[in-house]
1. Take the residues in segment 274-288 that are exposed (fewer than 14 other Cβ atoms within 10 Å of the Cβ) and not acidic (Asp, Glu); name whichever of them is modelled with the lowest pLDDT.
2. Mind checking whether some residue in segment 202-221 is in contact (Cβ under 8 Å) with a residue 24 or more places away in the chain, part of a loop (DSSP other than H, G, I, E, B) and farther than 22 Å from residue 159 by Cα?
3. Could you check segment 5-17 and list, in sequence order, the residues that are in a helix (DSSP H, G or I) and open to solvent by less than 40 Å² (accessible area, probe 1.4 Å)?
4. Name the residues in segment 35-73 that are at pLDDT below 95 and of a type in the set (D, E, K, R), would you?
5. Considering only segment 289-305, I want to know if a residue exists there that is modelled with pLDDT under 95, within 24 Å of residue 146 (Cα to Cα) and surrounded by 15 or more Cβ atoms within 10 Å (Cβ to Cβ).
6. Suppose we filter 189, 202 for residues that are under 20 Å from residue 99 (Cβ atoms), open to solvent by 30 Å² or more (accessible area, probe 1.4 Å) and modelled with pLDDT of 95 or more; which single one remains?
7. Among the residues of segment 10-51, which ones are touching a residue at least 24 places away in the same chain (Cβ under 8 Å), acidic (Asp, Glu) and under 21 Å from residue 72 (Cα atoms)?
Amino acid sequence: MKILFVAGDPKPERWTAPIQAQLPDAEIFVWDPEGPSVDADYAIVWQPPEALFEREKHLKAVFNLGAGIDGLLKVANLPQDLTIVRLEDAGMSVQMAEYVLHQLLEASREMETYREQQRQGIWKIHRPIKRSEWPVGVMGLGHIGKRVAGTLANLDYRVSGWARSEHSVEGVSTYAGQDQLGDFLQTTRVLVNTLPLTDETRDIINYDLLSQLQPGAVLINVGRGEHLVEGDLLRALDEGKLLRASLDVFRKEPLPEGHPFWQRKEITITPHISARTLRDATIEQITGKIRDHAAGRAISGIVDTDRGY
């Protein structure tokens, strides 16, 4: 079995050595843009070049080093019949739930107010939180979205979830499809986006959508930057339709110097850190799936390229 690692890591041995340890009978190769074909059976990739698919004609499957596969689907010559396998969790869902909870508490518990009071030497207690005033809506109910929704529901927030198809999450009211999107938004004050990026979800967070949220709304975007129409977010903030926004993903990363988001006190910016890929858990998952696929056993996480996830 030949496995090709194609991820642009300046220290690929951090990946290839433990992969080799997990699959001792395999031959592990690191992508060389100038090198010949290694006739690989499997490729482990992150935003691979088109040259990969020009050179490696006998790939049985490609394993993506992340849950989001929009970067891989952008490759023009990606073979239509190639099996693509996305990363499932590998420690990311709990990180995402922590991040969203932190941003929610920043708003609902008025933490910036207390920090400002500290700077001014003011001791003042504000009224306790009423969770009924902070209903949360989670867009996207995949593995990560369900973990986020379930975590918040377990803390007694009223949580709704919306996805393209029907889902069931304990303690969460769920909505499905375009026909139920409006009802979902009307129940929501804190909108959390965990959707995958597809043609259908691109630009979904626009002025019309934000205008349907409850008064004093908050946006937490941990999906993709292309989900958000940036000018519409600024307009919603200016008009008071949105109280604040916490953004971890952007159309262009790093966020360019001089971008208007930097100057808005209502916007919290983090540099795409809401959920980082954990190497050990990722390697264990991918090598286990390669082992099963090579043995003819069924594996989970296979992408439907027509849907984009």
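1. Out of the qualifying residues, it is 276.
2. So far as segment 202-221 goes, yes, one or more of its residues are in contact (Cβ under 8 Å) with a residue 24 or more places away in the chain, part of a loop (DSSP other than H, G, I, E, B) and farther than 22 Å from residue 159 by Cα.
3. Hits for segment 5-17 are 15, 16.
4. Listed by number, the list holds a single entry, 70.
5. So far as segment 289-305 goes, yes, one or more of its residues are modelled with pLDDT under 95, within 24 Å of residue 146 (Cα to Cα) and surrounded by 15 or more Cβ atoms within 10 Å (Cβ to Cβ).
6. Working: 202 fails: under 20 Å from residue 99 (Cβ atoms).
Testing whether each residue is under 20 Å from residue 99 (Cβ atoms), open to solvent by 30 Å² or more (accessible area, probe 1.4 Å) and modelled with pLDDT of 95 or more leaves just 189.
7. Correct list: 39, 41, 50.
Here's the yes/no breakdown for (1) among the hydroxyl-bearing types (Ser, Thr, Tyr); (2) surrounded by 18 or more Cβ atoms within 10 Å (Cβ to Cβ); (3) under 15 Å from the mean Cα position of the chain (by Cα):
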position	(1), (2), (3)
213	no, yes, no
223	no, yes, yes
228	no, yes, yes
231	no, no, no
237	no, yes, no
242	no, yes, no
248	no, yes, yes
252	no, no, no
267	no, yes, no
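The values are calculated or read from the model by the stated rules, or taken from the named source; none is laboratory data. Keep in mind that what you see is a predicted model, and the values were worked out from it rather than measured. Here the Cβ is made from the backbone with ideal geometry for all residues, glycine too, and neighbour counts use every protein chain on show. Just the protein is used for accessible areas: all its heavy atoms, side chains included, with ligands, DNA and RNA removed. Shrake-Rupley method; radii C 1.70, N 1.55, O 1.52, S 1.80 Å.
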